[in-house]
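Heads up, the thing below is written out as structure tokens.
What follows draws every value from the coordinates through simple rules; no lab data is involved. Since we're looking at a predicted model, the values are computed, not measured. Counting neighbours? That spans all protein chains shown, and the Cβs are built from the backbone with ideal geometry, glycine included.
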Ligand code: DX5
Ligand code: ZN
């Protein structure tokens, strides 16, 4: 099944409630929430109170992407705010196994994200613990950037690692997704597409989400 997680980073924050209600009416599978701390990435987005507010309106599960240092400190807060999936960055975790266990102990899905420069082989000794892997296809920090082509081969290598071990780990890709890129990503083995500006800048975000699922 092809899944789509629109990123509300590209939503109009003046009317965030309406944007979330629009996602409720759409075929979106998740609401992707990009949390940035201005330390791990050169931008600051939003945090726990906004996620809590989105969760009060959303009927879709929240896919929370933590672009923050020291995520361990805030995992239980993001869980309480309503996260169904928590993604931490490989590059931000010194004790990744411990962090993953902490997320899983809350009964929600645990996921690790790799920056564009981090090879998928880094996940060989943790992959069996993961519900999802998020591959960044842009350098994290901003929406609306150009897709990095090298991502396709990372998807293929990661899919091979997952299948070889008979795992059900899902692959999500984040950054620069449009119809052309999305189609190739699904063909390469991606399960979930994140799309920010492509969805929210479209004339009809609802139709764009539906079309992404049909690629
Ligand atoms: C980037 C974020 C992405 C971003 C994607 O740091 O993690 O989720 O919102 O935006 P687009 O789809 O516009 O590249
Ligand atoms: Zn993201």
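Observations on the model:
- For the chain, the 222 nm mean residue ellipticity estimated from helices alone, with every DSSP H stretch of n ≥ 4 adding -39500 (n - 2.57) and the total spread over all residues, rounds to -9500 deg cm²/dmol.
- Its alpha carbons considered, region 6-80 gives a radius of gyration followed by a Dmax of 12.2, 35 Å.
- Residue among 91, 27, 180 with the largest mean-square fluctuation in a Gaussian network model of the chain, springs linking Cα atoms under 10 Å: 180
- Centre separation in Å (Cα based) which lies between region 43-57 and region 110-126: 26
- Here the scattering of region 90-151 is modelled by Debye summation over its C-alpha atoms, one equal scatterer each and no solvent; at q = 0.18, 0.23, 0.26 Å⁻¹ the log10 of I(q)/I(0) is -0.69, -0.98, -1.13.
- Ordering of 116-129, 151-164 by packing is 151-164, 116-129, highest average first (other Cβ atoms within 10 Å, averaged per residue).
- Debye equation applied to the C-alpha atoms of the chain, log10 I(q)/I(0) at 0.14, 0.17 Å⁻¹: -0.78, -1.20
- When each of the peptides 171-178, 185-192 is scored by the mean number of other C-beta atoms lying within 10 Å of its residues, the order from highest to lowest reads 171-178, 185-192.
- Ordered by the number of other Cβ atoms lying within 10 Å of each residue's own Cβ, fewest first, 33, 113 fall into the sequence 113, 33.
- FRET efficiency, 1/(1 + (r/R0)^6) with R0 35 Å, evaluated for residue 203 and residue 101 via beta carbons: 0.20
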